[in-house]
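Have a look at the structure below before the remarks.
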Amino acid sequence: MLIDFFSAVGDIFTSESTYINGALFAALLGFAATGEWVAERSGTLNISVEGMLLSGAFAGALGYHLTGSVAVAMVFGAMGGVLIAAVQAEMSHRLTADQFVVGLTLNILVFGLAGFLDREIDPKATFASTVEIPLLADIPLVGEALFAEPWPFYLLYGLVPLSWWLVYRTRWGLELRAAGENPQSADVSGIDVNRRRRQSIYYAGITSGLGGAYFVFARLATFDDSIIGGRGFIAIAAVIFGGWTLWGTVAGCILFAGALSFRLSVQGLGYEINTELLQALPFLVTIGAMAIFARRVRPPTALARPFIRGLK
C-alpha cells in the first residue's frame, strides 16, 4: 500500500499536466491576490474578491460575445471587476457600511445575477491564443506551464512587479501603507485615508476582473456561474498566508494552486481516491496553512477597521 502511494505521488509530480494545471490556478489566484494584497495594505479586508472574479469572468465572456476580440474582452473583464469594486469602496469607505457585510452581500448578488444573465444572454467565448517563448518553453516539466500559455497569462508577469513598485516606490503607495498602519496619523498629515482605501479597492477590482476574464479564456472558453467556485476566498487566504508581503502572497498562490492541481492530476491519472475528499483538499490545505501561519504574521495595524475622522 505504501509503495503504491509513493508511486502515485511520483506519477503526479512527474506529470507535465500537474504543472500546467497548477500554473492555470496560480495565475487566477495571482491576479486576485495581488490586488487584494494592495487593498489589505491600505487597511481594507476586501471580502468581495469572489464577486469581482465572477463579474470579470462574465464581463469578459460578454465582451468576446459582442466584439469577437479577446483583448477587448479582457478590458471588459477589468471593467466588470471595477464595477463591483466601486460598490464595495463607496459603501465601505464613503458610507462606512460594514465592509464584511457589504462584501458577502456583493458575492451573493453577483452569483445570482451572473447566473440569471448567463441564461438570458448565453455569451460565447473561446480559448485565447497560446504564446510560446522559445527555449524557455522547452524546460522539463515547468517549461510549458510557465512559458507556453494563453497570452493573458503573461499579464501577471508584469502585474506583480508593478504592484510592488506602486506600493513601495511611489508616494501613493506610501500614503496607502500609512492608511493601513496608522490612519489617524495619516489623516493629520493631510492624507485622505478613505480615498486611498477606495483607490486600493478599485485596483483590486481591476486585477480580479482581469483574473476572472483570463480564467474564461484559459480554462473553459465559456462562462459558467460556478467557474470561480470559492477561489476568491483562497486568494484572500494567500495574502494572509504570505504575511501581507507580496512575495509571500505569490508563494501562497503557488501552494494553494498546487493543491487544486493535485486534485485534477489524481483523477486524470486514473487513481481512485474519495471524490469528496479530493474536492475538499484545496480548502483543507488552505485551512491548515492558515492555522499554522496566521498567528506568526502581523497584519497591517488598522486592517478591517473603518476610519471615521475624529474617532480613535
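The values are calculated or read from the model by the stated rules, or taken from the named source; none is laboratory data. What you see is a predicted model, and the numbers here were worked out from it, not measured in a lab. Ideal geometry is used to build each Cβ from the backbone, glycine not excepted, and the neighbour counts take in all protein chains shown. Side chains included, ligands, DNA and RNA excluded: accessible areas come from the protein's heavy atoms. Shrake-Rupley method; radii C 1.70, N 1.55, O 1.52, S 1.80 Å.
What does the charge add up to near F25, with Lys and Arg as +1, Asp and Glu as -1, over the other residues with Cβ less than 14 Å from its Cβ?
Residues close to F25 contribute a combined charge of +2.
Please give the length that would be gained between T245 and Q184 if that part of the chain were fully extended, namely 0.36 nm times their separation in residues minus their C-alpha to C-alpha distance (nm, one decimal).
Taking 0.36 nm per residue and subtracting the Cα distance, the gain is 19.7 nm.
If you fit an axis through the alpha-carbon atoms of helix 246-268 and take the longest principal axis of the Cα set of the chain, what angle between them do you get, 0 to 90°, nearest 10?
The angle comes out near 30 degrees.
Based solely on C-alpha atoms, express the radius of gyration and the Dmax of the stretch 15-144 in angstrom.
Cα radius of gyration and Dmax of the stretch 15-144 are 17.3, 53 Å respectively.
State, to one decimal in nm², a quarter of the convex hull surface area for the C-alpha atoms of the chain, i.e. the direction-averaged projected area.
About 17.2 nm², averaged over all directions.
Relative to the longest principal axis of the C-alpha atoms of the chain, give the angle of the C-alpha long axis of helix 2-13, reported between 0 and 90° and rounded to the nearest 10°.
The two axes meet at around 70 degrees.
Given the peptides 47-53, 75-81, arrange them by the average over their residues of other C-beta atoms within 10 Å, most packed first.
Going from most to least packed, we get 47-53, 75-81.
R0 = 22 Å: FRET efficiency of S226 with L66, Cβ-based, nearest 0.05?
About 0.45, to the nearest 0.05.
Based on the mean of other beta carbon atoms within 10 Å per residue, what is the order of 177-186, 212-221, most packed first?
212-221, 177-186
How far, in degrees from 0 to 90, does helix 70-93 lean away from the longest principal axis of the Cα atoms of the chain, to the nearest 10?
Computed tilt is about 40 degrees.
Before I look further, what does the stretch 140-259 give for accessible area per residue, probe 1.4 Å, in whole square angstrom?
On a per-residue basis, the stretch 140-259 sits at 37 Å².
Post the alpha-carbon centroid distance, the stretch 48-79 to the stretch 201-268, in whole angstrom.
Between the Cα centres of the stretch 48-79 and the stretch 201-268 lies a distance of 16 Å.
All other residues with a Cβ under 11 Å from the Cβ of A128 taken together, and with Lys, Arg as +1 and Asp, Glu as -1, what is their net charge?
Cβ neighbours under 11 Å give a net charge of 0.
Arrange the residues Y64, Y203 by how much accessible surface each exposes, largest first, with a 1.4 angstrom probe.
Sorted by accessible area, descending: Y64, Y203.
Percent relative contact order of the stretch 8-106, based on C-alpha pairs within less than 8 angstrom and at least six residues apart?
24
Residues in the stretch 89-105, backbone N under 15 Å from the label point at I308 (7 Å along the Cα-to-beta-carbon vector): list them, ranges by number please.
Counting only backbone N, you get 92-99.
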